[in-house]
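Trainee: Have a look at this one.
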């Protein structure tokens with residue numbers, strides 16, 4: 001059955017710890033507005049929601065009005081900086097590479113479904129040395145819809161050429177995408193969720209990727 005089954009990973013906060021580089025780009029883009037350096041404690045839970053959400057939060061923390069025109073300018077500055085510094089400190093989470101090897105050996109098809117722009121996702125995965133592991137990589141701009149829309153996850157699985165798929169993610173966005181698509185779900189508890197992942201209705205919650213093979217096997221058996 002594994003040959004007909006895609007294991008679909010979220011990227012930021014699931015496969016890779018990208019928060020340090022995202023935070024560095026945030027601080028770069030808002031550096032001229034009198035703010036101090038923002039920390040992961042202040043912004044960390046938003047890194048999985050995209051750069052616009054992070055920029056908005058930075059201004060909210062300082063009770064500073066953010067006109068839409070300025071937001072657009074800062075967003076572009078963020079993207080330019082981030083693309084040039086996408087993997088300075090970002091790393092795969094412990095056990096991720098080993099898990100990808102194991103799943104490939106078992107015959108599963110691997111994919112990434114992220115709300116990050118597809119080109120940036122591919123660039124990051126390339127920098128991390130795992131780009132070629134995935135049969136499909138889709139981003140927030142690949143389709144006209146994005147997670148938690150079920151069509152983003154379903155479209156990713158379709159690109160794998162498989163009828164079945166399972167989502168591994170870290171936030172409510174991933175949980176809702178899997179739920180909306182009627183797909184099995186595993187959530188990691190080491191990602192960027194602002195709320196306990198145990199409350200999101202996942203089939204399994206794992207604390208390390210070494211637990212993933214068993215969790216996948218149990219969900220497939222169910």
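The values are calculated or read from the model by the stated rules, or taken from the named source; none is laboratory data. Everything quoted here is computed from the prediction, not taken from an experiment. Note: ideal-geometry Cβ built from the backbone for every residue, glycine included; neighbour counts use all protein chains shown.
Trainee: Which condition from (1) at pLDDT 95 or above; (2) not in a helix (DSSP H, G or I) is the one that residue 80 breaks?
Mentor: (2)
Trainee: For residue 65, which of the numbered conditions (1) under 25 Å from residue 169 (Cα atoms); (2) free of Cβ contacts under 8 Å to residues at least 12 places away in the same chain; (3) in a loop (DSSP other than H, G, I, E, B) fails to hold?
Mentor: Of everything listed in (1) under 25 Å from residue 169 (Cα atoms); (2) free of Cβ contacts under 8 Å to residues at least 12 places away in the same chain; (3) in a loop (DSSP other than H, G, I, E, B), residue 65 misses just condition (1).
Trainee: Tell me the residue from 169, 155 that is under 19 Å from residue 135 (Cα atoms), free of Cβ contacts under 8 Å to residues at least 24 places away in the same chain and under 17 Å from the mean Cα position of the chain (by Cα), please.
Mentor: Testing whether each residue is under 19 Å from residue 135 (Cα atoms), free of Cβ contacts under 8 Å to residues at least 24 places away in the same chain and under 17 Å from the mean Cα position of the chain (by Cα) leaves just 155.
Trainee: Test each condition in (1) buried (at least 20 other Cβ atoms within 10 Å of the Cβ); (2) under 30 Å from residue 156 (Cβ atoms); (3) more than 14 Å from the chain's Cα centre (by Cα) for residue 79 and report the one that comes out false.
Mentor: The number of the failed condition is (1).
One line per residue, one yes/no per condition, for (1) surrounded by fewer than 16 Cβ atoms within 10 Å (Cβ to Cβ); (2) under 14 Å from the mean Cα position of the chain (by Cα); (3) farther than 24 Å from residue 87 by Cβ:
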residue	(1), (2), (3)
136	no, no, no
185	no, no, yes
203	no, no, yes
208	yes, no, no
211	no, no, yes
222	yes, no, yes
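Trainee: Next question. Every residue in the stretch 24-37 that is surrounded by fewer than 21 Cβ atoms within 10 Å (Cβ to Cβ) and in a helix (DSSP H, G or I), please.
Mentor: Answer for the stretch 24-37, where residues must be surrounded by fewer than 21 Cβ atoms within 10 Å (Cβ to Cβ) and in a helix (DSSP H, G or I): 24, 27, 28, 31, 32, 33.
Trainee: Kindly state which helices (runs of 4 or more DSSP H) lie completely within the stretch 130-222 and contain at least 1 residues that are modelled with pLDDT of 95 or more, out of contact with any helix residue (DSSP H, G or I) (no Cβ under 8 Å at 6 or more places or on another chain) and over 17 Å from residue 113 (Cβ atoms). So that I can check it myself, show each step before the final result.
Mentor: Details: elements: 150-159, 172-181, 212-221.
Where helices (runs of 4 or more DSSP H) fall fully within the stretch 130-222 and carry at least 1 residues being modelled with pLDDT of 95 or more, out of contact with any helix residue (DSSP H, G or I) (no Cβ under 8 Å at 6 or more places or on another chain) and over 17 Å from residue 113 (Cβ atoms), they are 212-221.
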